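**Q** Pasting a structure below so you can have a look.
Each reported figure results from applying straightforward, stated rules to the coordinates on display, with no laboratory input. Model, not experiment: these values are computed from the prediction. Cβ: placed from backbone, ideal geometry, glycine included. Neighbour counts: every protein chain shown.
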Amino acid sequence: MHNSLSHDFISGGVAGLMATAISLGVTQCFIDLPLLALILGCIISIPIFLTAFNSGTYSSIFAGVVAIVLIGLLKGPLLATIFGMVFFLPAIIAAWLLGLANIDEQTDKLKWLPLASAFSFLTIFIAIVAIFIGLMLSNNPSTPIIAGVVADTVIRALTDANWENFDANAFNDMRLMIINGFVPLVASVTGIYSLIFLVGNLYLSSVAARKLGHLKRPRDDWPQDLRLTGLAVIIFIVAFIISQITSQTFISIAAFIISSIFSFGFTIVGFAYLHNLLKPLRYRHLLLLIIYGATFSLIFTLPISIVVLMMGIWGSFQYAKQQRQKT
């Protein structure tokens, strides 16, 4: 027992050091090498996931604590708090959720928590974290100054680009819109990036852990199983309606953040649904390459995103219907 506990803490400590190193790389490259920072973000939580799958939840918690403490000592408590809430804590919770199981009384076998339920809970949790970040920004006296600087930078860039169709009033209106929308936009983007990195890290970690023989959970069929539950659909619809009928209140800001993050969650589900639809096709890899390429082009990004979002909502509705039929 003592040796096992020591192994868990050692494993967690090493994972925490690795997560700290990657996090410092992200902060160093964020301005000068944003692409490298993005790549590092795609693996930032993998050490925590791997130690969780190999040594358990306590080891992953210790890894997260080590990473947060070290980042706090090296970069300050604010950055440590952000990294902890955006990357490390969601990873710890995700690994714990994927390890939840109970005995099925009919088959006397382990029944694991469905991937859709885990993904729904994580999306809700990340939305709560994003709202908390929005609160931090709203109560920070330097936020209006930063928002003003960002707005002036955008206006200056548009002016330098010779946007002659914009008059002075239009620029003033745009500046005011940027300042008023700064907090919900930053909080939403932070939550969306957290969700992207969490899903990517979780998928890569589960593949690696299965190859190493460290993952007890049966293999999930991600294109088929990655859905959001009926509760998530209801939360998204209610938040979207509230964000449209109220303005410039904490409730409207929170609703905007929730609807933004859930819309991106449904987009992720939509791409999984698309992969599942194309499974039987012989040239599915070529089709997916074309679709992803068009998605990242500026011309087709918006229409494809809307279609994929609708597919994600439809796929989640189908999943919720199937779950009701089973019960």
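**Q** Which angle between 0 and 90 degrees, to the nearest 10, do you get for helix 182-212 versus the longest principal axis of the chain when only C-alpha atoms count?
**A** 30 degrees
**Q** Related question: For GLN28 and ASP173, what does the FRET efficiency come to when R0 = 35 Å and r is the distance between their Cβ atoms, rounded to the nearest 0.05? Walk me through the numbers on the way to the answer.
**A** Working: r = 38 Å, r/R0 = 1.07.
Calculated transfer efficiency: 0.40.
**Q** Here's something else I'd like to know. Between rounded, prolate and oblate, where does the chain land on the alpha carbon gyration tensor, with a ≥ b ≥ c its root eigenvalues, rounded for a/c under 1.5, else prolate if a/b exceeds b/c? Mind showing how you got there, number by number?
**A** Details: a/c = 1.79, a/b = 1.29, b/c = 1.39.
Oblate shape, in that a/c is at least 1.5 and b/c is the bigger or equal ratio.
**Q** Distance in nm between label sites at ILE234 and LEU79, each 7 Å beyond Cα in the beta-carbon direction?
**A** Label-label distance for ILE234 and LEU79, simple model: 4.3 nm.
**Q** Between TYR292 and TRP314, what FRET efficiency comes out of the Förster formula 1/(1 + (r/R0)^6) with R0 = 22 Å and r the beta carbon distance, rounded to 0.05?
**A** Values: r = 20 Å, r/R0 = 0.91.
Working from the Cβ atoms, E equals 0.65.
**Q** Quick check: the distance between the Cα centres of segment 168-228 and segment 124-157, to the nearest angstrom?
**A** Each part's Cα centre sits 18 Å from the other's.
**Q** Pop the C-beta distance of VAL207 and ILE241 into the FRET formula with R0 = 35 Å and round what comes out to the nearest 0.05.
**A** 0.35
**Q** At 222 nm, what value in deg cm²/dmol follows for the chain if DSSP H runs of at least 4 each add -39500 (n - 2.57) and the sum is divided by all its residues, to the nearest 500? Write down the numbers at each step before the final one.
**A** Working: 15 runs with 255 residues, N = 327.
Result for the chain: -26000 deg cm²/dmol, rounded to the nearest 500.
**Q** Still on this structure, I have one more. Once each part is reduced to its C-alpha centroid, what is the distance from segment 272-327 to segment 1-73 in angstrom?
**A** When both Cα centres are located, 32 Å separates them.
**Q** Count the net charge of all other residues whose Cβ sits under 11 Å from the Cβ of ASN54, scoring Lys and Arg as +1 and Asp and Glu as -1. Intermediate results must be reported in sequence, preceding the final value.
**A** Numbers: positive: LYS216; negative: ASP8.
The answer is 0.
**Q** Most exposed first by the Cβ proxy, i.e. fewest other Cβ within 10 Å, how do LEU298, LEU115 rank?
**A** Numbers: LEU298 6, LEU115 21.
Listing LEU298, LEU115 from fewest to most nearby Cβ atoms yields LEU298, LEU115.
**Q** Would you kindly state the longest site-free stretch of the chain, with sites defined as trypsin sites (Lys or Arg not before Pro) in a DSSP loop (not H, G, I, E, B) surrounded by at most 15 other Cβ atoms within 10 Å?
**A** Details: sites that count: LYS109, LYS216, ARG219, ARG282.
The longest such stretch corresponds to 1-108.
**Q** What is the extension gain from GLN224 to VAL14, computed as 0.36 nm multiplied by their sequence separation minus the C-alpha to C-alpha distance, in nm to one decimal? Please list the in-between numbers first.
**A** Numbers: separation 210, 0.36 × 210 = 75.60 nm, distance 3.45 nm.
Answer, rounded to one decimal: 72.2 nm.
**Q** Report the label-to-label distance for ILE103 and THR153 in nanometres (one decimal), using points 7 Å from each Cα along the Cα→Cβ vector.
**A** Using points 7 Å along Cα→Cβ, the separation is 5.9 nm.
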